[in-house]
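Chemist: One structure, as structure tokens, below. Some questions next.
The values are calculated or read from the model by the stated rules, or taken from the named source; none is laboratory data. Everything quoted here is computed from the prediction, not taken from an experiment. Cβ placement follows ideal geometry from the backbone for every residue including glycine, while neighbour counts extend to all protein chains displayed. Note: accessible area is taken over every heavy atom of the protein model, side chains too, but ligands, DNA and RNA are not part of it. Shrake-Rupley method; radii C 1.70, N 1.55, O 1.52, S 1.80 Å.
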Amino acid sequence: MSVVLVAAAEWAGYPLLRVLGAIGLGALLAAVAVTARGMRVAVSRVVYPDRVERGRPALAKLRVRNLAARPQPGFAAWDHAGGSTRTVQVRALAEGAEATYQYELPTGTRGRMAVGPLTLLRADPFGLARNRHPAGETVTLWVYPRKYAARARAGGFPRHHHDGATTDDSLRGSLDLRDVREYQPGDEVRHLHWKATARTGRMMVRDYADPEQPRFTLLLDTRADALPPSVFEEAVDLAASLLAASATAGHHSRLVTSGGGDLSTSGGPLAVRQLLDELCRVRQDSGAGQALVPGVLSAVRHQGGCLTVVTSGAGGLGTLAGLRARYSSFFVLDLGSGGVPPVIPGARVLTADSAANAVRRWNEVV
């Protein structure tokens with residue numbers, strides 16, 4: 001615009017336009033001179049906690065230190081978090097001075113959210129010129145599903161014996177024979193199976209397992225045509241609540257999805273983190289006509305423990321009837337279908353309109 005004013009003044013001979021154009025050009029050159037100077041600052045950003053439940057606060061701490069031998073004018077810092085941008089106005093810093101700023105990150109959507117990159121912006125007071133500098137690293141914020149206080153359901157292995165049928169109700173001791181296999185270095189010599197060794201000509205040992213070891217398997221329906229997106233988020237919250245309760249209690253916990261996802265854990269705090277990480281990444285499957293029960297679950301004949309299916313009564317539940325004989329207890333949690341609960345032979349069906357109500361009903365019967 002200043003160039004246009006100067007050109008018009010020269011063409012029309014108006015001194016006022018020439019003066020206005022010169023003032024504008026001078027202001028522009030001054031803005032460029034102010035913003036062109038580099039920013040000698042050290043910037044670091046820390047996100048804490050790096051894993052947070054959906055809806056809970058997560059903060060970013062921005063630390064800025066002046067590295068120049070002169071005062072550093074103020075500038076703005078832009079931090080990208082998901083689809084939004086957080087702006088921090090950094091005040092002027094004296095020589096060697098340091099300042100810390102905190103700002104909240106959005107946690108309303110479940111998933112892995114990239115925080116960064118961080119951009120430093122210096123602009124003149126009139127907004128005529130800007131100078132951008134990238135700074136900092138991109139970090140990941142894990143937004144977990146929302147968890148509700150749930151009770152852990154216990155269930156063990158079905159009893160089986162390779163030495164023949166047994167008539168007593170419980171074994172002496174805490175171990176049950178699971179398999180007879182070939183000896184491997186490090187196996188207990190006292191577990192040698194002499195009859196199998198004489199029959200096969202190779203050293204065979206008994207493989208024992210705890211028959212009362214609790215096991216919990218959850219099948220999450222990820223079919224896009226079975227659950228609307230809003231109801232699916234409730235289903236993920238429900239799955240997180242039940243699996244976290246089971247793993248926290250030390251039970252073997254397994255997450256299976258209709259799309260074929262399969263994660264088995266041994267229980268404990270690390271298992272809780274692994275399960276929630278997986279639920280943070282899980283998405284609905286886009287394929288049409290997908291089966292509710294994946295091959296990784298239907299292929300197992302004797303699993304034992306408790307099987308819980310989180311789904312909707314929209315359809316495809318008939319395939320669940322064949323799973324009852326493989327588990328000591330069987331639950332179906334029906335979310336959002338409404339109406340009459342579906343009838344599944346051998347299964348305890350609980351209906352609810354939200355994850356919170358489903359957990360409340362679960363705690364009543366477990």
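Chemist: Take region 207-235 and flag every residue that is open to solvent by 20 Å² or more (accessible area, probe 1.4 Å), at pLDDT 90 or above and acidic (D, E).
Modeler: E233, E234
Chemist: Return the residue satisfying two criteria in turn: it lies in region 178-198 and is modelled with pLDDT under 85 and part of a strand (DSSP E or B), and of such residues it is most open to solvent (accessible area, probe 1.4 Å).
Modeler: Residue satisfying both the conditions and the ranking: R178.
Chemist: Can you find even one residue in region 267-279 that is free of Cβ contacts under 8 Å to residues at least 12 places away in the same chain, among the small types (G, A, S) and closer than 23 Å to R56 by Cα?
Modeler: no
Chemist: Tell me, which residue of region 28-56 that is open to solvent by 40 Å² or more (accessible area, probe 1.4 Å) and either of a type in the set (A, V, I, L, M) or in a helix (DSSP H, G or I) (or both) is modelled with the highest pLDDT?
Modeler: V46
Chemist: Here is a follow-up. Could you check, for region 236-244, whether at least one of its residues is more than 16 Å from W362 (Cβ to Cβ), open to solvent by less than 30 Å² (accessible area, probe 1.4 Å), at pLDDT 95 or above and of a type outside the set (S, T, Y)?
Modeler: no
Chemist: Between residues in region 335-348 that are under 20 Å from V366 (Cα atoms) and basic (K, R) and residues that are surrounded by 10 or more Cβ atoms within 10 Å (Cβ to Cβ) and at pLDDT 70 or above, which pairs lie under 6 Å by C-beta distance while being six or more apart or on different chains?
Modeler: Taking only residues 6 or more apart or on different chains, the pairs are R348/F331.
Chemist: Within the bounds of region 89-99, is there any residue that is more than 20 Å from S44 (Cα to Cα), surrounded by 12 or more Cβ atoms within 10 Å (Cβ to Cβ) and modelled with pLDDT of 90 or more?
Modeler: no
Chemist: In addition: Would you confirm, using the coordinates I've provided, whether L279 is touching a helix residue (DSSP H, G or I) at 6+ places or on another chain (Cβ under 7 Å) and part of a loop (DSSP other than H, G, I, E, B)?
Modeler: Against the criterion (touching a helix residue (DSSP H, G or I) at 6+ places or on another chain (Cβ under 7 Å) and part of a loop (DSSP other than H, G, I, E, B)), L279 does not qualify.
Chemist: With the condition kept exactly as written, say whether any residue in region 250-273 is farther than 23 Å from R361 by Cβ, open to solvent by less than 20 Å² (accessible area, probe 1.4 Å) and not in a helix (DSSP H, G or I).
Modeler: Checked region 250-273: at least one residue is farther than 23 Å from R361 by Cβ, open to solvent by less than 20 Å² (accessible area, probe 1.4 Å) and not in a helix (DSSP H, G or I).
Chemist: Identify, by number, the condition in (1) of a type outside the set (D, E, K, R); (2) assigned to a loop (DSSP other than H, G, I, E, B); (3) at pLDDT 80 or above that A314 doesn't meet.
Modeler: Looking at each condition in turn, A314 falls short on (3).
Chemist: Then there is this: Being surrounded by 12 or more Cβ atoms within 10 Å (Cβ to Cβ) and either part of a loop (DSSP other than H, G, I, E, B) or at pLDDT 60 or above (or both) is true for just one of L59, L17. Which residue is that?
Modeler: L59
Chemist: Considering region 354-366 alone, what residues qualify as being open to solvent by 30 Å² or more (accessible area, probe 1.4 Å) and within 23 Å of the chain's Cα centre (by Cα)?
Modeler: A356, N357 - these are the residues of region 354-366 that are open to solvent by 30 Å² or more (accessible area, probe 1.4 Å) and within 23 Å of the chain's Cα centre (by Cα).
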